[in-house]
Amino acid sequence: MSSAKLARLGLPARCLLAVLGGLALWLAFPGVAWWPMAPVGVALITLSTVGTRARNGFLLGLLGGLACFLPTLHWSGIYVGDLPWIALSITESLYLAFMGLAIAVVQRTGKVRPGAVAALWVLQETLRSNVPFGGFPWARLAWTTADSPLMRFASIAGAPGLTFLVALLGALIALGVLRLVGRTAGRIDGHTDGDTERHIDVRRVLIPFAATAIIAATAFVVPVPTSGRPMQVIGIQGNVPTAGLDFNAQRRAVLDNHVTATAQAAVMVRSGQIAHPDLVVWPENSSDIDPTRNADAATEIAQTVANINAPLIVGAVLEEPAPKVSNTSMLYLPGKGLVDRYVKQHPVPFAEYMPYRNFFRKFSDKVDLLTTEFTHGQKVGVFDIPTSRGNVKVGPVICFEIAYDSITRAPVDRGAQLLIVQTNNATFGYTAESEQQLAISQVRAVEHGRSVVHVSTVGVSGLITPDGMVHDRSSLFTRKVLAGTLPLRSSTTLADRWGPLPEYLVDAAAVVAVALAARGNRKRRRDVTDSADPADDSSTTDDAGESTDETTETEEGARV
């Protein structure tokens, strides 16, 4: 089979490649976490779109997306039913469908275009991370690199750069496979022309595979500094009485769990089992009882701060501004009480607020499970934490906000030396969601060169150093005191200094590549039309403006 023959590959075979590619991507995400499968998945989807029409590319991208997102995002419907999970998976898959269409346009000539493929993956993720309703940047290729050497590249070009790299590796593999298949077919068909031609073919086959190996090996020499002034931190995973949507029906029990676990930590400090902390962090929803309005909750938190004798950051829900509530990170200091707060800037649509409630109620009455909506915070949070060695700037990030590039970058731009991620995974049960979120925090640690305290009500929690390594990792639905020393860093990475500029440049390059490819396809259509016998209607035009020979289309149609 040559590349020309691959261009005439039947649609069922292409669909199989696309589905296998999507499943390979799923296997790369935490839960299974076979990270090498991410480039394999990209390679399979890339090969499925070589030399086919744009509308076929849309279908292939959609199938690949469904094969990836349906199992990867299964946690989103664990307690609310299948409809929200399937709707979210279809929505995310549509972005891959349009990406598949665009890749088919740039590969219409039957050749793999690695640079264009990688750029289009970045563009697809840019759009998916921003629209609609602020986007949903989950299951990005970048997150598959946690615990892999490739993660080190995050310090150079951030999460979009990691996505570009993973997609580029996959497209290079696809190019190598295409050349290998073409060379093998040529030898079988007797098309090789002696030793010289055979040598050239071997080199052409080896180049993309060699490039893949070189890029992957380069990761080991990318520096990831981890030195810095030490800070002793404690994270409290207090656990909840029951998993599921009704965990907050027992709000007092959740608060008491975190008070009790912190008291246990205080005993461990006094006995010398762990060092006295410079900072204690509770997770999101650790106090769903508003401590600014409920005297009992305020008293429990104040006594806890006095007992541990250290600054405490509490994840709380405040009953303001009425009629909405605020998902808030609150800083308490010994002897001073509440001194600062940060309100979550990006509440989750359909979970913390309900857009177009009347419209979506037509599809599911589950929308009315959300009776109170959360407000959008307007300010970046940076807390000043006093320690014996001077003040430390800490950037709070709440739950899904860790997946958003700009929200995570903002506190670092304002001088944060440590990031804390407060999250609550109780509503997702024993699924891979928590591990997927922890992986995002690992990538962020490298991207920004910062230690990260990632603390959940129920796990998985962990203390992450700037090289992305997780320390004192917890299990799901257990109570645990996480304690350790994390290095503080103030220097910025290349990714921070560049900001979103590389992503925007790659996005622009992707648009230009598609436009040029579409123009070239139209020119080839005109050339074929001009060269054809005017009386012979033997050419046809597909939906992307490309022309195809009638015989070729007939063969492809027969395979469909």
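Positive-end ranking of Gly459, Leu20, Ser89 along the dipole of the chain, with charges on Cβ about the Cα centre, is headed by Gly459. Where the centroid of each part is defined by its Cα atoms, how far is segment 487-512 from segment 198-238 in Å? A separation of 18 Å, based on Cα centres. Sequence-ordered 3J(HN,Hα) estimates for segment 295-311 from the Karplus curve with 6.51, -1.76 and 1.60 and θ = phi - 60° stand at 5, 4, 4, 4, 5, 4, 5, 4, 5, 5, 4, 5, 5, 7, 6, 7, x Hz, glycine and proline given as x. Here the mean projected area of the convex hull built on the C-alpha positions of segment 229-490 is 13.2 nm². Shown here for segment 413-467: trypsin sites (Lys or Arg not before Pro) in loop regions (DSSP other than H, G, I, E, B) with at most 15 other Cβ atoms within 10 Å, namely Arg414.
Give the percent of DSSP beta bridges with both residues in the chain that are antiparallel, rounded to the nearest 5. Numbers along the way, then the final one.
Values: 33 of 52 bridges.
Counting only bridges with both partners in the chain, antiparallel ones make up about 65 percent.
Along segment 75-83 the Karplus relation, 6.51 cos²θ - 1.76 cosθ + 1.60 evaluated at θ = phi - 60°, assigns HN-Hα couplings of 4, 5, x, 5, 10, 10, x, 6, 4 Hz to successive residues, with x for each Gly and Pro. Once backbone amide H atoms are built at 1.01 Å from N, Val392 has Ile385, Thr387 as its partners under 5 Å, excluding neighbours fewer than 5 places away on the same chain. Measuring how big the chain is from its alpha-carbon positions, Rg and Dmax come out at 26.5, 96 Å. Sparsely packed loop sites in segment 248-343 (the GluC sites (Glu not before Pro) outside DSSP H, G, I, E and B with at most 15 other Cβ atoms within 10 Å) comprise Glu319. Placing +1 on the Cβ of every Lys and Arg and -1 on the Cβ of every Asp and Glu, with no other charges, gives the chain a dipole of roughly 980 debye about its Cα centre. Within the shell of other residues whose beta carbon sits under 10 angstrom from the beta carbon of Gln417, the net charge comes to +4, with Lys and Arg scored +1 and Asp and Glu -1.
So for each of 253-259, 119-125 I average, over its residues, the number of other beta carbons within 10 Å; can you give me the resulting order with the highest mean first?
So the order, starting with the most tightly packed, is 119-125, 253-259.
If you take the Cα centroid of segment 247-299 and the Cα centroid of segment 374-444, the two points sit 19 Å apart. Scalar couplings 3J(HN,Hα) for segment 324-337, obtained by applying the Karplus form with A = 6.51, B = -1.76, C = 1.60 to θ = phi - 60°, are 8, 10, 10, 7, 10, 9, 10, 9, 10, 10, x, x, 10, x Hz; x denotes Gly and Pro.
Ordering of 392-398, 39-45 by packing is 39-45, 392-398, highest average first (other Cβ atoms within 10 Å, averaged per residue). Across the chain, Cα pairs under 8 Å and at least six residues apart give a relative contact order of 17 percent. Here segment 229-490 is assigned +1 on the Cβ of each Lys and Arg and -1 on the Cβ of each Asp and Glu. Its dipole about the Cα centre then comes out at about 420 debye. For segment 300-381, the dipole from Cβ point charges (+1 on Lys and Arg, -1 on Asp and Glu) about the Cα centre works out to 240 debye, to the nearest 20. For helix 11-28, what angle does its Cα long axis make with the longest principal axis of the chain, in degrees from 0 to 90 and rounded to 10? Approximately 30 degrees, to the nearest ten.
Measuring against 21 Å, Cα to Cα, the residue pairs Lys336/Lys393; Lys324/Lys480; Lys344/Lys393; Lys324/Lys393 contain Lys324/Lys480; Lys324/Lys393 as the ones spanning a longer distance.
Projecting the Cα atoms of Trp282, Thr328, Ala410 onto the dipole axis of segment 229-490, where Lys and Arg carry +1 and Asp and Glu carry -1 at the beta carbon, places Ala410 farthest toward the positive end.
In what sequence do Ser491, Ser48, Ser451 fall when counting other Cβ within 10 Å, fewest first?
Fewest-to-most ranking of Ser491, Ser48, Ser451: Ser491, Ser451, Ser48.
Among residues other than Pro230 whose Cβ falls under 12 Å from its Cβ, what is the net charge (Lys/Arg +1, Asp/Glu -1)? It works out to a net charge of +2.
Coordinate-derived values only; no laboratory data. Since we're looking at a predicted model, the values are computed, not measured. Positions of Cβ are generated from backbone atoms using ideal geometry, with glycine treated the same way; all protein chains shown enter the neighbour counts.
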